[in-house]
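One structure is given below, encoded as structure tokens.
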Amino acid sequence: MTRFAAIDVGTNSVRVLVAEVDGSSIAEVERDLVITRLGEGVDKAKRLRAEAVRRTLEAIASYHEKAVGLGAERVRIAATSAVRDATNRHAFLHGVRERTGVELEVLSGDDEARLSFLGATTELTDDAPYLVLDIGGGSTEFVVGDRSVDAAISIDVGSVRLTERHVRHDPPTQAEIGAVRSDADAAVEKAMTVVGTSAQTLVGLAGTITSVTAIALELADYDHDAIHHRRLSVSQVKEVASRLQAMTSEQRRSLPAMLRGREDVIVAGAEILIAVMQGLEFDEVLVSEADILDGLVLDALGR
């Protein structure tokens, strides 16, 4: 058996998975995340801010050190929407190489979609085809397929991007929520032209969806096992979204399962989820803790 690590550098967070590989299966050794908000201001300026870069490079270096300390023989580091969009990304790539010795992979939207699908569906036995929905900070991926990808699209709507674009008050006004929802609805309409409406199971990934699930379940602490492969109805999602919209960021931060740094963007993320469920007529979403991190590991192994 060997150990392999993947680090996902997203618009809102940096995450790590250290996994033990045995044949065609992987077993989680360590999974963690920290919110660094690398994509702060990128939607408008198309540049990575110096302080956000500093925070994120520190997180990457720390996770790389942890992965090596846990015996990882190879560490794969991949970046998504914020780095894709930034005109000054080359300095960031240099910073990652300097601190870790690893070449940062800047994933295309198609690659991000494919890897998310791979990670999320490997162990599924639910009705296929699947629509894998990955709501990130800067982009949202829609991927449809059975055991391989049939069609995919990455759209530049995400929890951070839509919050920065439309939300100016805390709590947000109904007009601001309406503007977020309008962009989300437009994204769903665009996605439908690519992924269609044939999927039988909606599989939801990433922090917005897992956090909404934790709140709906009224968990005292974030519990990976309680959330993984939990089914959440559209009515449950709407109820949580309504509660979050009425709260200030400080009030949301006090919720037991709310990770600090997500409280100000989760309202926009929840609106994206509702737009997808309503627009594509899904009564429920199957929530997965397996995602692009798992996909990065499986992909490197040729699975």
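For this structure, a couple of remarks:
- Toward the positive end of the charge dipole of segment 70-159, with +1 on the Cβ of Lys and Arg and -1 on the Cβ of Asp and Glu, the farthest Cα among VAL143, PHE92, LEU133 is that of PHE92.
- Placing a pseudo-label 7 Å from each Cα along the Cα-to-Cβ vector at GLN174 and HIS94 gives an inter-label distance of 5.2 nm.
- The charge dipole of segment 46-192, taken about the Cα centre with unit charges on the Cβ atoms of Lys, Arg (+1) and Asp, Glu (-1), comes to about 780 debye, rounded to the nearest 20.
- Seen from every direction in turn and averaged, the convex hull around the alpha carbons of the chain projects onto 14.0 nm².
- Qualifying trypsin sites (Lys or Arg not before Pro) for segment 76-111 [loop in DSSP, other Cβ within 10 Å: at most 12]: none
- Of the DSSP H helices in the chain, those whose Cα atoms cover at least 27 Å axially and whose Kyte score averages -0.5 or more: 50-69, 174-195
- Rounded to 5, percent antiparallel among DSSP beta bridges of the chain: 70
- Separation in nanometres of the label points that stand 7 Å from Cα toward Cβ, at ARG47 and SER198: 4.7
- In segment 53-151, taking the dipole from charged Cβ atoms about the Cα centre, the farthest positive-side position among SER108, VAL68, LEU118 is held by VAL68.
- Between the residues VAL265, SER235, SER254, the greatest Cα displacement towards the positive end of the dipole of segment 110-287, with unit charges on the Cβ of Lys, Arg, Asp and Glu, is found for SER254.
- Which of THR173, THR140 has the fewest Cβ neighbours within 10 Å, and the rest in rising order: THR173, THR140
- Mean residue ellipticity (222 nm) of the chain, computed from DSSP H runs ≥ 4 via -39,500 (n - 2.57), nearest 500: -13500 deg cm²/dmol
- Mean-position separation - Cα centroids, segment 90-119 and segment 174-201, in angstrom: 27
- Packing rank of 219-227, 126-134, 145-153, where each peptide gets the mean count of other beta carbons within 10 Å, highest leading: 126-134, 145-153, 219-227
- Cα extents of segment 169-289 along the three principal axes, largest first (Å): 39, 36, 21
- Summed side-chain charge close to GLU284 - residues other than GLU284 whose Cβ falls under 14 Å, Lys, Arg +1, Asp, Glu -1: -2
- Here LYS44 is the anchor, and the aspartates and glutamates within straight C-alpha reach of less than 20 Å, apart from those fewer than 8 places off in the same chain, are ASP85, ASP156, GLU164, GLU176, ASP183, ASP264.
- When the alpha-carbon atoms of segment 2-106 are used, the pair Rg, Dmax equals 13.8, 45 angstrom.
- Residues of type lysines that LYS238 reaches as a straight line, Cα spacing below 28 Å, ignoring anything fewer than 8 places off in the same chain: LYS190
- Shape metrics for segment 210-276, restricted to C-alpha atoms - Rg then Dmax, Å: 11.1, 30
- Cα centre as origin, Lys/Arg/Asp/Glu Cβ charges: the chain dipole, Debye: 1060
- Antiparallel bridges, percent of DSSP beta bridges restricted to segment 110-287 (to nearest 5): 70
- Isotropic mean projected area of the C-alpha convex hull, segment 76-144 (nm²): 5.3
- Modelled label positions at LEU301 and ASP225, each set 7 Å beyond Cα in the direction of Cβ, lie 2.2 nm from each other.
- Of the residues VAL102, VAL96, VAL9, the one with the fewest other Cβ atoms within 10 Å heads the list, and the complete ranking is VAL102, VAL96, VAL9.
- Segment 1-44 shape via C-alpha gyration tensor axes, a/c threshold 1.5: prolate
- Expressed as a whole percent, the proportion of Cα-Cα pairs in segment 252-303 lying more than 14 Å apart is 70%.
- Shape call, segment 93-191: gyration tensor on alpha carbons, a/c limit 1.5: oblate
Read-outs: derived from the displayed coordinates by stated rules, not from any lab. Here the structure is a predicted model, which means the values were calculated and not measured. All Cβ positions, even for glycine, are placed from backbone atoms using ideal geometry, and neighbour counts span all protein chains on display.
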